[in-house]
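In what follows, a single structure is set out as structure tokens and then discussed.
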Amino acid sequence: MLAPKIVLVTGANRGIGLEFVKQFLLLKSPPKYIFACCRQPDTAEELKGVAKGNPSVHVLKLDVCDQSSIDNAKAFLESKVEGEGLNLLINNSAIISHADLYNATREDMAKVYETNAIGPLMVVKSFLPLLKKAASVDPSAAMSCNRAAIINISTGVASISENSSSGLYAYRASKAALNMITTNMSLDLKNEGILATAIHPGWVKTDMGGPNALIDTVTSVTGCMSVMEKLHGEEGTGKFYHGVRGDKIGWS
Ligand SMILES: NC(=O)c1ccc[n+]([C@@H]2O[C@H](COP(=O)([O-])OP(=O)(O)OC[C@H]3O[C@@H](n4cnc5c(N)ncnc54)[C@H](OP(=O)(O)O)[C@@H]3O)[C@@H](O)[C@H]2O)c1
């Protein structure tokens with residue numbers, strides 16, 4: 001059963017991130033704390049509406065490109081959880097660029113890489129002591145999303161072996177880098193009992209996915225949560241899953 005006690009989601013003000021917050025609240029055993037992070041809490045009306053009726057939800061400012069906002073969010077979480085640590089970190093936030101070979105620019109490549117690859121890595125680095133704390137509560141437990149886990153929301157178009165249409169230079173490359181970061185983390189953190197896996201949420205009707213996408217956020221997140229529930233031990237870490245189909249995607 002998926003039942004992490006303390007969860008953090010980035011980019012939680014809209015799209016897939018917001019739906020994650022809603023679905024964690026619907027679990028049989030909902031988290032004690034959900035840290036719903038976004039760049040601009042002041043304008044995150046729907047998320048703040050969810051938090052209003054659910055005291056377990058804390059809306060935090062966190063811009064993955066702004067280290068001080070990451071550090072401030074970490075300090076707030078630490079003060080709230082009183083030594084309990086962080087069980088599940090979902091790196092969901094991202095930006096897309098549709099630039100092709102002829103339109104890709106140095107600035108565009110750098111901005112997307114900064115947001116989609118460097119940002120999630122820096123978030124993990126900051127929250128790592130809290131993930132380690134959560135993992136240490138039961139050193140004999142198998143790795144899982146209930147114990148201590150990093151879920152990096154990736155994309156199927158980051159798969160090199162499945163690339164048959166080209167385009168999206170910055171987005172594909174940044175998420176392929178995120179996938180590599182995920183495998184690295186899975187190796188570095190295995191002995192600490194922390195799982196790290198990437199999930200593709202499907203093609204989803206959000207601002208990013210657009211109106212022609214195949215599924216809604218409810219279907220996407222229901223699938224991702226089902227995959228997360230099954231991630232267990234060494235078999236569950238360092239993988240790249242299709243969140244809706246539930247099977248693995250080729251890394252390379
Ligand atoms: N939708 C799809 O079809 C699809 C397909 C494959 C993968 N994905 C992946 O799924 C995840 C969620 O996508 P989505 O469709 O929900 O996208 P979305 O609707 O465009 O939402 C993106 C979220 O990321 C946040 N964000 C952007 N830059 C940020 C930064 N520097 N720091 C913190 N937050 C930032 C946005 O915040 P603001 O509101 O402040 O901009 C927003 O909350 C992404 O990782 C995306 O790559 C989506």
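The values are calculated or read from the model by the stated rules, or taken from the named source; none is laboratory data. The model shown is predicted, which means the values in this text are computed figures rather than measured ones. Cβ atoms come from the backbone with ideal geometry, glycine included; neighbour counts cover every protein chain shown. With ligands, DNA and RNA removed, areas are computed over all heavy atoms of the protein, side chains included. Shrake-Rupley method; radii C 1.70, N 1.55, O 1.52, S 1.80 Å.
Structure notes:
Yes or no, residue by residue, for (1) in contact with a Cys (Cβ under 8 Å, 6 or more places away or on another chain); (2) of a type outside the set (Ser, Thr, Tyr); (3) touching a residue at least 60 places away in the same chain (Cβ under 8 Å); (4) within 14 Å of the ligand (Cβ to nearest atom):
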{"site": "ILE34", "(1), (2), (3), (4)": "no, yes, no, no"}
{"site": "CYS38", "(1), (2), (3), (4)": "no, yes, no, yes"}
{"site": "THR43", "(1), (2), (3), (4)": "no, no, no, yes"}
{"site": "LYS52", "(1), (2), (3), (4)": "no, yes, no, no"}
{"site": "HIS58", "(1), (2), (3), (4)": "no, yes, no, no"}
{"site": "ASP63", "(1), (2), (3), (4)": "no, yes, no, yes"}
{"site": "SER68", "(1), (2), (3), (4)": "no, no, no, yes"}
{"site": "ASN72", "(1), (2), (3), (4)": "no, yes, no, yes"}
{"site": "PHE76", "(1), (2), (3), (4)": "no, yes, no, no"}
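- Selection over the stretch 89-115 of residues that are over 21 Å from ARG39 (Cβ atoms) and within 17 Å of the chain's Cα centre (by Cα) gives a count of 0.
- Contact map, the stretch 81-94: residues that are more than 15 Å from VAL221 (Cα to Cα) paired with residues that are open to solvent by 30 Å² or more (accessible area, probe 1.4 Å), Cβ distance under 6 Å, separation 6+ or inter-chain. Pairs shown: GLY85/LYS133; ASN87/LYS5.
- Residue that is part of a helix (DSSP H, G or I) and within 16 Å of the ligand (Cβ to nearest atom), where the choices are ALA134, ALA173: ALA173
- So GLU192, is it touching a helix residue (DSSP H, G or I) at 6+ places or on another chain (Cβ under 6 Å), in contact (Cβ under 8 Å) with a residue 24 or more places away in the chain and open to solvent by 60 Å² or more (accessible area, probe 1.4 Å): yes
- Close contacts from the stretch 15-26, counting a first residue that is on the phi > 0 side of the Ramachandran plot and a second that is of a type in the set (S, T, N, Q) and away from the ligand (no atom under 13 Å from the Cβ), with Cβ to Cβ under 7 Å and a gap of 6+ residues or different chains, come to none at all.
- Whichever residue in the stretch 92-121 is within 13 Å of the ligand (Cβ to nearest atom) and touching a Gly at 6+ places or on another chain (Cβ under 8 Å) and, among such residues, is nearest to GLY193 (Cα to Cα): ASN92
Here's the yes/no breakdown for (1) outside any loop (DSSP other than H, G, I, E, B); (2) of a type in the set (Asp, Glu); (3) more than 10 Å from the ligand (Cβ to nearest atom):
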site: ILE199; (1), (2), (3): yes, no, no
site: GLY202; (1), (2), (3): no, no, no
site: GLY209; (1), (2), (3): no, no, no
site: VAL218; (1), (2), (3): yes, no, yes
site: GLY223; (1), (2), (3): yes, no, yes
site: MET228; (1), (2), (3): yes, no, yes
site: GLU234; (1), (2), (3): yes, yes, yes
site: GLY238; (1), (2), (3): no, no, yes
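- Close contacts from the stretch 230-242, counting a first residue that is over 15 Å from ALA198 (Cβ atoms) and a second that is among the hydroxyl-bearing types (Ser, Thr, Tyr), with Cβ to Cβ under 6 Å and a gap of 6+ residues or different chains, come to HIS232/SER144.
- For MET180, the conditions (1) under 18 Å from the mean Cα position of the chain (by Cα); (2) touching a residue at least 12 places away in the same chain (Cβ under 8 Å) are fulfilled apart from (2).
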